[in-house]
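In what follows, a single structure is set out as structure tokens and then discussed.
Please treat every number below as a calculation from the coordinates, not as lab data. Treat the numbers as computed from the prediction; the structure is a model and nothing was measured. FYI the Cβ positions are ideal-geometry reconstructions off the backbone, even for glycines, and counts take in every protein chain you see.
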Amino acid sequence: MKRVIAILDLPPRRAVPTVRESVEAAAERWNVELHWIRRPLQPCHPFWQKMFVCGDVAKRFGPSHVLQIDNDMVIRSDCPSPFELAEPGQFAMVAERQCAQNRIDNGGWQKTAHEIWAKRCRLNPAPTCMHPNGGLYLYDTETFARMFERIIQYLIVTFGANDQATDESLIINQLWNDHPETIAFLPPDFNVSMLQTPEWATNPVMQSFVYHFIGPSKPHLDRCRWQRSNPPELPFPENRQSIELINEWKDDPPASYDIGSIFRPDLAANLMAVYPKLFVSGTWSDELTVY
């Protein structure tokens with residue numbers, strides 16, 4: 001079974017060079033096929049286009065294990081292969097909820113989205129906590145081709161509606177009804193929502209494996225540095241105090257260092273990145289700055 005990275009790359013929002021370069025490097029590193037889909041598979045909204053990717057990959061490559069990702073995602077150069085984390089026969093995703101402010105109780109928007117799409121498609125709604133971040137789906141074409149075909153049938157009866165997190169709600173509801181035992185969740189590092197981690201979006205140094213630049217976070221995509229250096233870049237390269245200390249200590253740091261009041265984690269993170277054995281202490285300030 002071939003391993004394939006498949007990306008819908010349709011106008012007017014084509015993948016920027018940062019995305020293309022990082023994905024091409026990942027495909028080579030993981031020894032997998034890379035399939036850029038640059039023409040619409042069907043005359044419908046991009047959310048619905050995602051449902052046709054499975055069939056397109058099967059037609060071009062035969063039975064395949066597919067990593068389907070959006071074209072606004074950046075893969076860091078040391079990211080391990082997600083193909084090794086989920087077997088064919090599983091449908092792997094990353095949870096949409098990635099911060100405490102994103103509710104998954106009855107007041108959360110995900111519950112409403114699942115129920116609306118379940119009613120439209122005459123299905124049982126998936127639990128709210130199951131809602132995925134739709135930028136990444138990992139599945140095999142043999143197990144899930146029929147499921148995608150069933151979802152495509154809803155295109156007509158729902159008049160191509162594209163609200164309420166269309167692809168995410170359609171897929172998780174159908175999985176919950178057809179293949180609940182196949183649902184698997186990858187670590188959040190493989191699809192980090194920049195909408196939910198704005199302080200990471202504005203920092204050009206990637207703090208995790210895969211970034212997903214959703215909505216308002218997209219302007220920061222071009223600055224994202226996906227290539228890891230050796231030694232690694234400082235997590236917060238603009239923190240002057242840490243740079244001054246590193247230049248002063250060079251290869252001979254003290255055994256411990258107290259940074260006093262902590263307003264942001266930048267200084268401590270940089271020092272521990274360069275000196276893993278350094279004992280860093282400090283006191284969280286009541287005036288902690290949160291962005």
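Here is how the numbers come out for the structure above:
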read-out	value
Antiparallel DSSP beta bridges within the chain, percent to nearest 5	30 percent
Likely footprinting exposure, W117, W48, fewest C-beta neighbours within 10 Å first	W48, W117
Listed values (1) 1.36; (2) 1.03; (3) 1.06, entry calculated as Rg/Rh (Cα atoms, Kirkwood Rh)	(2)
For a label point 7 Å along the Cα-to-beta-carbon line of N162, residues of the range 16-46 with backbone N under 15 Å	39-46
Rounded if a/c under 1.5, otherwise prolate or oblate - the range 1-107, Cα gyration tensor axes	rounded
Shape call, the range 240-284: gyration tensor on alpha carbons, a/c limit 1.5	prolate
Per-residue ³J(HN,Hα) for the range 210-224, Karplus 6.51 cos²θ - 1.76 cosθ + 1.60, θ = phi - 60°, Hz, x for Gly and Pro	10, 9, 10, 8, 8, x, x, 7, 4, x, 8, 4, 4, 7, 5
Partner lysines for K119 [C-alpha distance under 16 Å; skip if fewer than 8 residues away on the same chain]	K111
Lysines with Cα under 19 Å of K250, excluding same-chain neighbours fewer than 8 positions away	K277
